[in-house]
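Inspection log for the structure reproduced underneath, given as structure tokens.
The values are calculated or read from the model by the stated rules, or taken from the named source; none is laboratory data. What you see is a predicted model, and the numbers here were worked out from it, not measured in a lab. Here the Cβ is made from the backbone with ideal geometry for all residues, glycine too, and neighbour counts use every protein chain on show.
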């Protein structure tokens, strides 16, 4: 892939006025459609994905239009769909808060209710989130996982977050972190790192993104030892595109996604429709 976005578009966006809208964006409904193509000398695969994620409280952006903080601290529900050359799967997950306590449920494949996950947890001071969950596999042993997430808010915009997860036998570890920083004007920098140790094998991923302004960001990183290049173009705070390319010795991955974020609350829309229906009956 030579260019993630046209150079003329990049130049136009980079010269945008620094007097552009600075107020934080708030959203509740996050939707993404994704297409990926895997190419190798032996085979080619097309992968399609859809996801929708709804929060029952408004989420405030951190300054860029695709970052809404490190921790989920409000009740939320999500659906996802995956299709890869004939094989498809639909999943659902939810997280419900009651005060600072919360519970989670997940069905990775709605068509197979014999595989599911249930969990409970607690949120301390909106910065430390701990949880335990059980994953019951239809054709495997039940696994218990323990997770801790911590967000350190450096200032009004900048933060660094850490996550650690392991199983009940401490045979596998997943360590991840994200750093988000406002540099100056509309320029931001983020870096994500993840280390997975599954006992016999380990993987390290890292991806850094630089936001030139509210409309354009470019990133570079490694997926294990494979080069990843990424670009983002934000039409506004509701719509944006992401394209990335992964260069592996045995295959190439081309990925394109389109995201739509909505501010209108789903429950408010339902309540308005209900009120309109009642008025019609009077």
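Which number in (1) touching a strand residue (DSSP E or B) at 6+ places or on another chain (Cβ under 7 Å); (2) at pLDDT below 95; (3) farther than 26 Å from residue 95 by Cβ marks the one condition that residue 189 misses? Failing condition for residue 189: (2). Across the range 180-205, the number of residues qualifying as buried (at least 16 other Cβ atoms within 10 Å of the Cβ) and either under 15 Å from the mean Cα position of the chain (by Cα) or under 17 Å from residue 227 (Cα atoms) (or both) comes to 7. Right, residue 256: surrounded by fewer than 16 Cβ atoms within 10 Å (Cβ to Cβ), touching a residue at least 40 places away in the same chain (Cβ under 8 Å) and touching a strand residue (DSSP E or B) at 6+ places or on another chain (Cβ under 9 Å) or not? Taking the combined requirement at face value, the residue satisfies it.
Residues checked against (1) under 24 Å from residue 52 (Cβ atoms); (2) modelled with pLDDT of 95 or more; (3) out of contact with any strand residue (DSSP E or B) (no Cβ under 6 Å at 6 or more places or on another chain):
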| position | (1), (2), (3) |
| --- | --- |
| 97 | yes, yes, yes |
| 100 | no, yes, no |
| 106 | yes, yes, no |
| 109 | yes, no, no |
| 113 | yes, no, yes |
| 116 | yes, no, no |
| 119 | yes, yes, no |
| 124 | no, yes, yes |
| 128 | no, yes, no |
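Identify all residues within the range 14-30 that are assigned to a strand (DSSP E or B) and either surrounded by 15 or more Cβ atoms within 10 Å (Cβ to Cβ) or at pLDDT below 65 (or both); write none if there are none. Once the filter is applied, which keeps residues that are assigned to a strand (DSSP E or B) and either surrounded by 15 or more Cβ atoms within 10 Å (Cβ to Cβ) or at pLDDT below 65 (or both), the range 14-30 yields 27, 28, 29, 30. Only residues that are at pLDDT 95 or above and under 18 Å from residue 109 (Cβ atoms) were counted in the range 135-153, giving 0.
Touching a residue at least 40 places away in the same chain (Cβ under 8 Å), within 30 Å of residue 46 (Cα to Cα) and loosely packed, with under 14 Cβ neighbours inside 10 Å, is that true of residue 126? So residue 126 fails the test.
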